[in-house]
Amino acid sequence: MKKIVFLTGAGMSAESGISTFRDSNGLWNNYRVEDVATPEGFAANPQLVLDFYNQRRRELLKSEPNAGHKGIAALEKHFEVHIITQNVDDLHERAGSSHVIHLHGELMKSCSVNDLNKPYPIPTDNPDLHTGDKAPDGGRLRPFIVWFGEAVPKIEEAAGFVQAADIVVIIGTSLNVYPAAGLLNYVRSGQPVYLIDPKEVNTYRSDIEVIKSGASEGVKILTEKLI
């Protein structure tokens, strides 16, 4: 069974109503990255940071996987599918995908400031974190999110899957954020690479086949090409 790896970003979940950060009406227009997505921002104003992610969590709980998420999950009938996502939502899992690596953490989990690699599930019926919440180890709870300036612990594991892939598919990411952007360097020579995005994406590779569509339509077109 051939191995197919999907590299997914914000555009993957946009059709599900998840706010993106870099579009004209994106989240960064309302928040400074230094305030809500850095350890320093959390230390300076933990309430602001927790409120920001509580809002994102409520938004996620009202969202559903789109046809793109479901189409990728359906490909498991024909391929060994692995997803490497920059997204912190759980829509791939809710669509039925079995193997998902979250490079930047997971919105529906928290962790202790004393151990950033040990996540705790956040219950869907009580999804807000508060400044006084403590982890079992006594440390303050914070979102299980890889913030700017922090190490990306799963990047080496992700690189291994890309290197072993027979097919690589990029969906909804500009590949401007490192180290995730460097994953294309691990694609073996001659292996097919597809890019699904309705917008122009500048890539340094000439061997990428572009499918200029949104995630749902793009996954449908890709499926017809592969099967």
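The values are calculated or read from the model by the stated rules, or taken from the named source; none is laboratory data. Everything numeric in this text was worked out from a predicted model, so none of it was measured. Positions of Cβ are generated from backbone atoms using ideal geometry, with glycine treated the same way; all protein chains shown enter the neighbour counts. Calculation scope for accessible area: heavy atoms of the full protein, side chains included, ligands and nucleic acids excluded. Shrake-Rupley method; radii C 1.70, N 1.55, O 1.52, S 1.80 Å.
Observations, loosely collected:
- Selected residue (criterion: most open to solvent (accessible area, probe 1.4 Å)) from residues of the range 86-108 that are more than 17 Å from Gly17 (Cα to Cα) and part of a loop (DSSP other than H, G, I, E, B): His99
- Taking helices (runs of 4 or more DSSP H) as the structural unit, those lying wholly within the range 1-83 and holding at least 1 residues that are modelled with pLDDT of 95 or more and open to solvent by less than 60 Å² (accessible area, probe 1.4 Å) correspond to 10-13, 39-44, 46-61, 67-74.
- Close pairs (8 angstrom Cβ cut-off, 6 or more residues apart or separate chains): of a type in the set (Lys, Arg) in the range 186-210, open to solvent by 50 Å² or more (accessible area, probe 1.4 Å) anywhere: Arg188/Gln163
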